[in-house]
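Attaching a single structure in structure tokens format; questions to follow.
The values are calculated or read from the model by the stated rules, or taken from the named source; none is laboratory data. All figures in this text were calculated on a predicted structure; none of them were measured in a lab. Here the Cβ positions follow ideal geometry from the backbone for every residue, glycine too, while neighbour counts run over all protein chains shown.
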Amino acid sequence: MKDLNGKVAVVTGGAGGIGKALVGALVAEGAKVVVGDVEEKVLNATVSEFADSGADIKGFVTDVSDSASVNALADHVFEVHGACHLLFNNAGVAAPSANVWETTPNDWLWVHGVNVMGVVYGAQAFVPRMIASGEEGHVINTSSGDGGISPLPFQSVYASSKAAVSTITECLDAQLQIEQTQLRASIFYPSGGLLETGIWTTARNRPEDLAREEEPAVPAPTIGQFKDAAKAAGMELHFQDLDDLARHCLEGIRQQQFVIMFGHEETEATLKDRASRIGRGELPFDLASLPMM
């Protein structure tokens with residue numbers, strides 16, 4: 001898909017962070033965008049911001065962990081636009097860092113409900129209709145290098161969810177090709193540096209019925225606290241510009257890349273090292289190189 005002008009794009013988690021940057025890149029290309037997000041107030045503000053600049057954009061309150069909510073989003077998109085050419089399953093949340101035995105059942109239910117089932121529900125609601133249209137289309141699932149490439153040990157809940165997203169996307173793209181559809185799928189790995197997004201304050205959207213059963217031993221730091229700690233330690237942090245990242249994602253779609261990210265070279269070296277360790281029957285981590293060691 002080379003020309004995005006006039007194409008219909010759906011972005012979940014699109015009211016802020018990476019999702020909002022994707023929305024901005026899409027409207028700049030002339031795409032018609034529907035933003036799905038669980039935060040109604042922020043969603044309305046984002047839609048108004050782009051609409052005021054002349055974009056063809058609509059918002060639809062969506063909880064991606066709820067199949068009925070995602071199906072309602074799909075119904076809305078096809079009723080309004082009659083098509084979906086680009087589906088960005090981007091919504092994501094995270095739980096506090098902890099040892100596996102110190103996580104709680106609700107950590108897993110919430111994070112996997114959003115990060116994993118959100119992708120599954122998106123595919124189930126949109127892909128059959130996209131296939132039936134006979135038009136060219138693309139599904140882009142946002143994963144993370146922390147899980148899809150090399151998990152951080154203390155992020156077991158989040159990392160495992162993102163590893164699942166990567167595997168689901170591999171299966172999806174293979175199936176779309178085997179069935180000779182006009183669709184393709186890609187894994188989008190936000191990369192290039194640290195990312196200043198809403199994932200740092202993700203607990204703001206955690207539903208009461210999935211609240212953490214106990215306070216974490218180590219509270220999750222805010223982005224400000226993280227920056228202060230790095231500065232005190234003499235570390236220089238590099239943050240990736242989200243708009244550049246979004247534009248890179250769209251270019252990856254145009255080039256039909258299955259893996260869309262910055263820094264493929266470093267990733268290849270990491271995966272080769274992990275594969276060698278697995279081939280020797282070892283833990284894939286080099287524990288001595290991990291930041292918390």
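Identify the residue in the range 21-36 that is surrounded by fewer than 20 Cβ atoms within 10 Å (Cβ to Cβ) and in a loop (DSSP other than H, G, I, E, B) and, among all such residues, is nearest to the chain's Cα centre (by Cα).
E29
Would you point out the residue of the range 193-204, among those that are touching a helix residue (DSSP H, G or I) at 6+ places or on another chain (Cβ under 8 Å) and assigned to a loop (DSSP other than H, G, I, E, B), that is nearest to A91 (Cα to Cα)?
T197
Got at least one residue in the range 93-104 being farther than 21 Å from T201 by Cα, outside any loop (DSSP other than H, G, I, E, B), charged (D, E, K, R) and out of contact with any Pro (no Cβ under 7 Å at 6 or more places or on another chain)?
no
While we're on this one: Can you tell me which residue in the range 76-87 is nearest to the chain's Cα centre (by Cα), limited to those that are surrounded by 20 or more Cβ atoms within 10 Å (Cβ to Cβ) and not in a helix (DSSP H, G or I)?
The qualifying residue nearest to the chain's Cα centre (by Cα) is L87.
Right, here's the next one. For the structure I just gave you, tell me whether V111 is within 18 Å of A203 (Cβ to Cβ), in a helix (DSSP H, G or I), modelled with pLDDT of 95 or more and not basic (K, R).
Considered against the rule, which asks whether it is within 18 Å of A203 (Cβ to Cβ), in a helix (DSSP H, G or I), modelled with pLDDT of 95 or more and not basic (K, R), V111 comes out as yes.
May I ask you to list the residues in the range 51-75 that are surrounded by 20 or more Cβ atoms within 10 Å (Cβ to Cβ) and more than 21 Å from the chain's Cα centre (by Cα)?
Once the filter is applied, which keeps residues that are surrounded by 20 or more Cβ atoms within 10 Å (Cβ to Cβ) and more than 21 Å from the chain's Cα centre (by Cα), the range 51-75 yields nothing.
While we're here: Out of the residues in the range 135-174 meeting the condition of being touching a residue at least 12 places away in the same chain (Cβ under 8 Å), closer than 20 Å to G252 by Cα and hydroxyl-bearing (S, T, Y), tell me which one is surrounded by the fewest Cβ atoms within 10 Å (Cβ to Cβ).
Here is the first cut: in the range 135-174, the ones touching a residue at least 12 places away in the same chain (Cβ under 8 Å) are 135-166, 168-170, 172-173.
Then drop every residue that is not closer than 20 Å to G252 by Cα, which leaves 135-145, 148-149, 162, 165-166, 168-170, 172-173.
So of that shortlist, the ones also hydroxyl-bearing (S, T, Y) come out as 142-144, 166, 169.
On the way: T142: 28, S143: 29, S144: 27, S166: 19, T169: 25.
Filtering first and then ranking leaves S166.
So I18 fits all but one of (1) closer than 23 Å to V120 by Cα; (2) hydrophobic (A, V, I, L, M, F, W, C); (3) touching a Leu at 6+ places or on another chain (Cβ under 9 Å); (4) part of a loop (DSSP other than H, G, I, E, B); what number is the exception?
Exception for I18: condition (4).
Still on this structure, I have one more. Assigned to a helix (DSSP H, G or I), touching a residue at least 24 places away in the same chain (Cβ under 8 Å) and under 14 Å from A164 (Cα atoms): is that true of V120 in this structure?
On the way: assigned to a helix (DSSP H, G or I): yes; touching a residue at least 24 places away in the same chain (Cβ under 8 Å): yes; under 14 Å from A164 (Cα atoms): yes.
For V120, the condition - assigned to a helix (DSSP H, G or I), touching a residue at least 24 places away in the same chain (Cβ under 8 Å) and under 14 Å from A164 (Cα atoms) - is met.
Here is a further query. Looking at (1) closer than 18 Å to V114 by Cβ; (2) modelled with pLDDT of 90 or more; (3) out of contact with any helix residue (DSSP H, G or I) (no Cβ under 7 Å at 6 or more places or on another chain), which is the only condition P207 fails?
Exception for P207: condition (2).
Please determine whether any residue of the range 37-48 is buried (at least 24 other Cβ atoms within 10 Å of the Cβ), outside any loop (DSSP other than H, G, I, E, B) and under 15 Å from the mean Cα position of the chain (by Cα).
The answer is yes, given that some residue of the range 37-48 is buried (at least 24 other Cβ atoms within 10 Å of the Cβ), outside any loop (DSSP other than H, G, I, E, B) and under 15 Å from the mean Cα position of the chain (by Cα).
Is the range 137-159 home to any residue that is touching a His at 6+ places or on another chain (Cβ under 8 Å) and under 24 Å from R206 (Cα atoms)?
Within the range 137-159 (the criterion being touching a His at 6+ places or on another chain (Cβ under 8 Å) and under 24 Å from R206 (Cα atoms)), the answer is yes, since at least one residue qualifies.
Which condition from (1) modelled with pLDDT of 95 or more; (2) assigned to a helix (DSSP H, G or I) is the one that D146 breaks?
Unmet condition: (1).
For the range 149-163, give me the residue count where each residue is touching a strand residue (DSSP E or B) at 6+ places or on another chain (Cβ under 8 Å) and in a loop (DSSP other than H, G, I, E, B).
1
Could you look through the range 167-192, keep only residues that are hydroxyl-bearing (S, T, Y) and not in a loop (DSSP other than H, G, I, E, B), and pick out the one that is farthest from V120 (Cα to Cα)?
Looking at the filtered set, the residue picked out is S186.
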